[in-house]
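Taking it in order: structure first as structure tokens, then the write-up.
The values are calculated or read from the model by the stated rules, or taken from the named source; none is laboratory data. Computed from a prediction, not measured in an experiment: that's the story for all the values here. We place every Cβ from the backbone using ideal geometry, glycine too, and count neighbours over all the protein chains shown. The protein model used for the area step is the full one, side chains on, heavy atoms only, and it has no ligands, DNA or RNA in it. Shrake-Rupley method; radii C 1.70, N 1.55, O 1.52, S 1.80 Å.
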Amino acid sequence: MQEIHSWREEQSSAYLYRVLAEIETGTPRQRLFSELGREALEQSQHWAKRAATAGHPVPSEFVPSVRTRIVASLTRRHGPKAMRTVLAAMKVRGMSVYTGTNLGHVAPDPTTGMEKRHRGLSGGGNLRAAVFGVNDGLVSNASLILGVAGATAQPSLILLSGVAGLLAGAFSMGAGEYISVRSQREMYEYQIALERDELAEYPEEEASELALIYEARGLGRDDAKRLADSMVADPERGLDALAREELGLNPDELGSPWGAALSSFASFGFGAAVPLLPFVLRLDSPLAWTVGLSAASLFGVGSTLSLFTGRGALRGGLRMMLIGGAAGALTYSIGKALGVSLG
């Protein structure tokens, strides 16, 4: 029954391509999605013939599934760019035209290595995620400690609450990051596997789809076809090009679920440990030390984030310190009120 499943997938893709072409009426992308829709219908006929040969004829009429209709409705409402990841999961190709490369710019030839010039920039995303993780741990645990301190003056209870907040937050962040990256990776691996099977089943059709995308990006029709044919001639290069251009992803950078989880756990835990440190070391006036260390750390985090925003370090640091300070003051006030009312 694999043939009928593949037929339904291609028919569903063609349905969504028609929706995209309708949305993109009057733009260069309209022709791209119209042509991709026709390619999907032709591929569905291929599977219909295979199904008939196997003794499992396809239905006489295609009826879009509820999932397909929901995705179509959301795409009409929110636009293809916002829905590109969901559309890619629905086997809709060409989503790379919404990932930042402007139409009218020539697509780089993967054989030249030009695409590698910016690959190193993705490392900055890891640093930024780590800084945000530290900030989350710092603000959340400092607020928790201040809230508990507002309700009680017992250092042991404040320490216990801070340790619980650190561990709960770090494990929650790590688990959430693992699930997120694992799910995304599985989706991408499934889509890449589909591309590999289709490239082996009908390479000419895949080359035509790739040429359409190159053309939509601004390459001339003949040059686009020549480039696509050269890519698909080598299965590995062809699969790499299809993953990048049709799915809008880099097969070499799918991400490690465990790496993301451990990084998130460590960065959150590091930030959450800062306001807890004075209580662990049993310093005199630990709450004052917590406020001072948290304020200085928030300023440092805000200054570091200015590297990514392009804003002034002083402004970024002060803004982060004020935001964190407001959160801490509010939770302390709430803790104080609860401590009085419950006491």
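Values for this structure:
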read-out	value
Residue within the stretch 40-61 that is at pLDDT below 85, among the small types (Gly, Ala, Ser), within 21 Å of ALA216 (Cα to Cα) and open to solvent by less than 20 Å² (accessible area, probe 1.4 Å) present	no
Conditions (1) over 30 Å from GLY150 (Cα atoms); (2) within 20 Å of the chain's Cα centre (by Cα): number failed by LEU210	(2)
Cβ pairs under 9 Å, 6+ apart, first in the stretch 14-34 and at negative phi, second assigned to a loop (DSSP other than H, G, I, E, B) and among the aromatic types (Phe, Trp, Tyr)	ALA14/PHE62; TYR15/PHE62
Meets criteria (surrounded by 17 or more Cβ atoms within 10 Å (Cβ to Cβ), at pLDDT 90 or above and among the β-branched types (Val, Ile, Thr)) for VAL301	no
Output for the stretch 10-27, where each listed residue is open to solvent by 40 Å² or more (accessible area, probe 1.4 Å) and closer than 13 Å to PRO64 by Cα	TYR15, ARG18
